[in-house]
Amino acid sequence: MTKSTKQNGTVYLVGAGPGDIGLVTLRAKERIQNADVIVYDHLANPELLSWAREDAEIIYAGKEPGESRTQQEINTLLIDKAREGNQVVRLKGGDPFVFGRGAEEAQAIASAGVPFEIVPGITSAIAGPAYAGIPMTHRMHNSHVTFFTGHEDPAKAESAIDYAALAKLGGTQVMLMGVERLGSITSEMLKQGVRSDLPVALVRSATTGQQETLTGRLSDIAQKARASDFKAPAVAVFGEVVGLRDSLNWYEKRPLLGKRIVVTRTRKQASVLSDKLRALGAHVIELPTIRIEPPSDLREFAELVQDAHVYDWIVFTSANGVEAFFNVFFKLYDDAREIGGVRIAAIGPATAQRVKDFHLHVDLQPEEFVAEAVLREFKKQGNIENLRILLVRAEKARDALPKELSAMGAIVDEGFAYRTVPETRDTSGARRQLAHDGADLITFTSSSTVENFLALGLPWPKGMRIASIGPITSKTVRDQGLKVDVEARRHDIDGLVQSIRELFTERTLRKVKF
Ligand code: SAH
């Protein structure tokens, strides 16, 4: 659907969840995928923007110095964009109606007569304690929960929060905003008679790879927070349930927690690696350096695909190649049997899996993406002299494989299925994030990711180490004058993740020893 065909725009106030990209609703994802315009704030995880359409207009309405917009400007922006006929997504951290001015935005939109919808999200008030191993309620400890904002200084006469009532109420109390004012808030609570040894926890950057929890008592938490320079955004939990963390802390035990890891694959491919790293607790910065585009000569490739049945073997060297091949194949034919009796070789497990997704058998599967391994496997098959082989690959790929196969007597045709081009956009602000906050490790999953990352000319963050998927990629890294800190023993995503895990845990072990 293009913009011109639309009549009425709608504004969707969408809960972006607390940070973990897995903690958003299906509705939120669908709205992001369909949006013409997305306006997001600094608490919304920018990785969510990778679901946006290529042509979506993405506007940052955050709180970075010099970039902030007033609430009035944001309201006007949302209304104007909707009136132009756009589907407008306003992404707000957590739940759009839990603090953070979502209600005011909705009122402004409603009074402008613009249609709107609310997509609730998981608020940090709930997710923060959960990820810190603190249940909001427990039959033995409490039967109600209160959310309040620490935005206002309790010393101010006009403070809207009745701390006397809060003290009387007890139960679990969760405070959003206000870590900066924790000193005056806790002294006000003490003054109102809350017991000084009440357990308190502060959870910052909850549900992200940068989550940190600080626990203490009402009497000392403010001082502890000051001493450790505990910064926003954080939620504070007051109540007996905080003590349950001792046995229920789960998320902060992940081996890669706090590690900032850059993923340089294409947007589409990144998610497998990113998800696995996130599952281990890492903070992933998706910084795609390349994008997959159709080959320069699609007609020539299509002709080879059309004749696929005349070959003895088709060799796929990447999942992208498989995808591009069958895209064309099923445009040409509507019967899978048109592929004839050709046998299929797929290099690496991900490539093989993609072939299997099309319900085709993989006859030969060299484990490693190195020409030598492929040749070895072919040799096992016996004499390949005069066999016709179609090699489906990227433009400008290494040419060792076709040469070697030809040298063994095969008749090789190369089908250029796609090409990789530099990714020039930075929709999720990953480049800015890398420059600003640095990273512990960068992952390279092919030579082209190395070359294209360096071509971006970004300053190398201090101490950022390098993980490579295999020897060819490592060679490219070294040729560029850089050092490979870890190379995957198995040259696939799982192998890479395993090696990264070892790299970080080894260091911890060594630290413990000395
Ligand atoms: N609508 C949001 C809250 C907006 S107010 C929600 O439902 O979560 C902003 C406050 O939310 C921050 O000051 C902090 O207290 C809290 N917050 C948001 N994201 C957080 C996170 N990932 N970890 C801890 N606190 C968070």
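Values in this text are rule-based calculations from the coordinates and carry no lab data. Note that this is a predicted model, so its numbers are computed, not measured. Every residue, glycine among them, receives a Cβ derived from its backbone with ideal geometry; neighbour counts consider all protein chains shown.
Brief remarks on what is shown
- Counting DSSP beta bridges with both ends in the chain, the antiparallel % (nearest 5): 30 percent
- Radius ratio Rg over Rh of region 289-377, counting only Cα atoms, Kirkwood formula for Rh: 0.96
- With the charge dipole of the chain set up from +1 on Lys and Arg Cβ and -1 on Asp and Glu Cβ about the Cα centre, the Cα lying farthest toward the positive end among the listed residues 493, 119, 183 is that of 183.
- From phi via Karplus (6.51, -1.76, 1.60), per-residue ³J(HN,Hα) for region 415-430 in Hz, x at Gly/Pro: x, 7, 8, 6, 9, 9, 10, x, 7, 9, 8, 9, 5, 8, x, 5
- The chain - convex hull of the alpha-carbon atoms, volume per residue in Å³: 191 Å³
- With R₀ set to 56 Å, the beta-carbon distance separating residue 147 from residue 333 gives a calculated FRET efficiency near 0.40.
- An ellipsoid equivalent to region 387-514, defined through the eigenvalues of its Cα gyration tensor, has semi-axes of 33, 21, 12 Å when rounded to whole angstrom and sorted largest first.
- When you filter the GluC sites (Glu not before Pro) in region 349-423 for DSSP loop state and at most 12 other Cβ atoms inside 10 Å of their Cβ, you are left with 385.
- Ascending count of other beta-carbon atoms within 10 Å, so fewest first, for 289, 25: 25, 289
- Scattering from region 200-271 was approximated by placing one identical point on each alpha carbon and applying the Debye formula without solvent; log10 I(q)/I(0) at 0.14, 0.24 1/Å stands at -0.54, -1.16.
- The chain, relative contact order in percent, only Cα pairs under 8 angstrom and at least six apart counted: 11 percent
- What the phi angles of region 27-40 give under the Karplus curve with 6.51, -1.76 and 1.60, with θ = phi - 60°, is a coupling list of 5, 4, 4, 4, 5, 5, 5, 9, 5, 8, 9, 10, 10, 10 Hz, glycine and proline written as x.
- Cα-based values for region 126-252, radius of gyration first and Dmax second, are 13.5, 41 Å.
- Taking region 294-450 and dividing mean pair separation by its residue count, relative contact order in percent (alpha carbons under 8 Å, at least six apart): 26 percent
- Length added when fully stretched, residue 164-residue 411, from 0.36 nm per residue minus Cα-Cα: 80.3 nm
- Whole-number percent relative contact order across region 166-295, with pairs defined as alpha carbons under 8 Å at least 6 apart: 25 percent
- Under the Debye formula (equal points on every Cα, no solvent term), log10 I(q)/I(0) of region 1-131 at q = 0.16, 0.19, 0.20 Å⁻¹: -0.73, -1.03, -1.14
- Gained length - residue 226 relative to residue 489, 0.36 nm times residue gap less alpha-carbon distance: 90.2 nm
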